[in-house]
Amino acid sequence: MTQIIRSVGVIGAGQMGNGISHVCALAGIDVLLQDVSEDLVKSGIATINGNLARQVAAGKIPESECKEAQARVKPALTMEEIGGVDLVIEAATEDEDIKKAIYSKLCPVLNPKAIIATNTSSLPITRLASNTDRAGQFIGIHFMNPVPLMQLVELVRGIATEDSTFETARNFVTSLGKQTAVSEDFPGFMVNRILMPMINEAIYTLYEGVGGVAAIDTAMHLGANHPMGPLQLADFIGLDTCLSVMQVLHDGLADSKRPCPLLVKYVDAGWLGKKAGRGFYDYQGDEPVPTR
């Protein structure tokens with residue numbers, strides 16, 4: 001039996017978690033935002049409020065709608081505080097051990113009817129579900145970044161995901177004004193299985209000196225009619241996330257092309273892209289400047 005989702009707990013207040021909270025609140029859903037520290041939750045809510053205010057300034061939503069949405073997002077400083085919601089969306093770092101640790105704390109305090117969704121961009125849904133007490137009520141709901149702007153959401157069923165869970169998730173995503181695409185539970189699902197090898201190849205093209213950052217991005221932007229170049233896109237996604245997904249694809253599909261050593265080096269240096277102020281571009285000035 002399908003549910004109507006009226007309340008959502010979002011675990012992870014970073015760029016994905018605050019984006020998911022943003023669209024849920026705009027759709028009239030109450031949101032509890034949770035993370036490992038109060039400062040991270042406050043920062044996430046501040047980002048949501050700022051982004052909603054920008055939508056008002058751009059004439060995309062009225063002031064009244066902005067204020068209503070802002071009021072719907074509340075902090076949850078402990079896991080117990082989100083125990084009564086209809087749906088929990090885990091949007092933590094793309095690290096399987098971190099996600100498992102979250103489920104071990106969440107499941108004992110979560111109401112039995114609640115659905116757990118993961119926003120993972122590549123990790124196996126079936127394997128993640130096996131670390132919960134409700135594999136039938138577990139599903140992948142993979143939002144694209146930035147969540148308020150991107151229209152697609154991948155839905156990924158694990159082997160045990162029940163039909164009612166799937167239908168509830170699909171109705172929930174539709175209620176947010178998003179379009180769903182259903183993927184089988186394979187490494188990288190659909191979008192990242194296609195996208196990440198292209199980004200990795202662009203980084204190899206830079207690594208091997210075939211072209212510079214600006215030349216590669218211009219070539220794909222104008223030559224393939226992409227909205228932005230692959231290196232700039234990697235910066236927006238986060239180079240740590242790109243590396244994690246590439247490692248999943250390399251291991252899970254026995255892909256002969258490993259993550260580019262230059263990508264590994266940038267992540268080791270903490271140059272994680274736009275969120276860190278530096279990646280393939282330096283974002284600390286008025287305009288992004290290529291770092292190579």
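Residues that are surrounded by fewer than 18 Cβ atoms within 10 Å (Cβ to Cβ), over 22 Å from Ile4 (Cβ atoms), touching a Leu at 6+ places or on another chain (Cβ under 9 Å) and not small (Gly, Ala, Ser): does the stretch 110-131 have at least one?
No, because not a single residue in the stretch 110-131 is surrounded by fewer than 18 Cβ atoms within 10 Å (Cβ to Cβ), over 22 Å from Ile4 (Cβ atoms), touching a Leu at 6+ places or on another chain (Cβ under 9 Å) and not small (Gly, Ala, Ser).
Could you go through the stretch 98-113 and let me know if any residue there is aliphatic (A, V, I, L, M) and more than 30 Å from Met246 (Cβ to Cβ).
Taking every residue of the stretch 98-113 in turn, at least one turns out to be aliphatic (A, V, I, L, M) and more than 30 Å from Met246 (Cβ to Cβ).
Taking the stated definitions as given, is Asp286 of a type outside the set (S, T, N, Q), part of a loop (DSSP other than H, G, I, E, B) and more than 28 Å from Thr118 (Cα to Cα)?
On the way: of a type outside the set (S, T, N, Q): yes; part of a loop (DSSP other than H, G, I, E, B): yes; more than 28 Å from Thr118 (Cα to Cα): yes.
In short, yes.
Can you confirm whether Ser121 is without any contact (Cβ under 8 Å) to a residue 12 or more places away in the chain and not hydrophobic (A, V, I, L, M, F, W, C)?
no
In the stretch 100-143, what count of residues is obtained for those that are in contact with a helix residue (DSSP H, G or I) (Cβ under 6 Å, 6 or more places away or on another chain), over 13 Å from Val10 (Cα atoms) and not hydrophobic (A, V, I, L, M, F, W, C)?
Number satisfying all stated conditions: 8.
Please verify whether the stretch 202-223 includes one or more residues that are among the acidic types (Asp, Glu) and within 20 Å of Ser122 (Cα to Cα).
Scanning the stretch 202-223 turns up no residue that is among the acidic types (Asp, Glu) and within 20 Å of Ser122 (Cα to Cα).
Where residues in the stretch 200-245 are within 24 Å of the chain's Cα centre (by Cα), outside any helix (DSSP H, G or I) and free of Cβ contacts under 8 Å to residues at least 60 places away in the same chain, which of them is surrounded by the most Cβ atoms within 10 Å (Cβ to Cβ)?
Gly229
Just to be sure I understand, how many residues within the stretch 246-269 are modelled with pLDDT under 95, part of a helix (DSSP H, G or I) and surrounded by fewer than 15 Cβ atoms within 10 Å (Cβ to Cβ)?
Final tally of qualifying residues: 1.
Could you list, in sequence order, all residues of the stretch 181-190 that are crowded, with 17+ Cβ neighbours inside 10 Å and either assigned to a helix (DSSP H, G or I) or in contact with a Lys or Arg (Cβ under 8 Å, 6 or more places away or on another chain) (or both)?
Hits for the stretch 181-190 are Asp185, Pro187.
Here is a list: Gly59, Gly9. Which entry is modelled with pLDDT of 95 or more and either within 22 Å of Thr168 (Cβ to Cβ) or among the aliphatic types (A, V, I, L, M) (or both)?
Being modelled with pLDDT of 95 or more and either within 22 Å of Thr168 (Cβ to Cβ) or among the aliphatic types (A, V, I, L, M) (or both) holds for just one of Gly59, Gly9, which is Gly9.
For residues that are buried (at least 24 other Cβ atoms within 10 Å of the Cβ) and under 11 Å from Val147 (Cβ atoms), tally how many sit in the stretch 24-47.
Final tally of qualifying residues: 1.
All but one of (1) out of contact with any Asp or Glu (no Cβ under 9 Å at 6 or more places or on another chain); (2) over 21 Å from Glu80 (Cα atoms); (3) assigned to a loop (DSSP other than H, G, I, E, B) hold for Thr132; state the number of the condition that does not hold.
(2)
Among the residues of the stretch 186-198, write down those that are of a type outside the set (Gly, Ala, Ser) and within 17 Å of the chain's Cα centre (by Cα). Before you say what the answer is, go through the steps one by one.
So in the stretch 186-198, the residues of a type outside the set (Gly, Ala, Ser) come out as 186-187, 189-198.
Of everything in the stretch 186-198, those that are of a type outside the set (Gly, Ala, Ser) and within 17 Å of the chain's Cα centre (by Cα) turn out to be Pro187, Phe189, Met190, Val191, Asn192, Arg193, Ile194, Leu195, Met196.
Determine if the stretch 85-99 includes at least one residue that is surrounded by fewer than 15 Cβ atoms within 10 Å (Cβ to Cβ), free of Cβ contacts under 8 Å to residues at least 40 places away in the same chain and either outside any loop (DSSP other than H, G, I, E, B) or β-branched (Val, Ile, Thr) (or both).
yes
Looking only at the stretch 148-199, how many residues end up being closer than 28 Å to Ile48 by Cβ, in contact with a helix residue (DSSP H, G or I) (Cβ under 6 Å, 6 or more places away or on another chain) and touching a residue at least 40 places away in the same chain (Cβ under 8 Å)?
Result for the stretch 148-199: 6.
The values are calculated or read from the model by the stated rules, or taken from the named source; none is laboratory data. Computed from a predicted model, the values in this text were never measured in an experiment. Glycine gets a Cβ as well: all are built from the backbone with ideal geometry, and neighbour counts include every protein chain shown.
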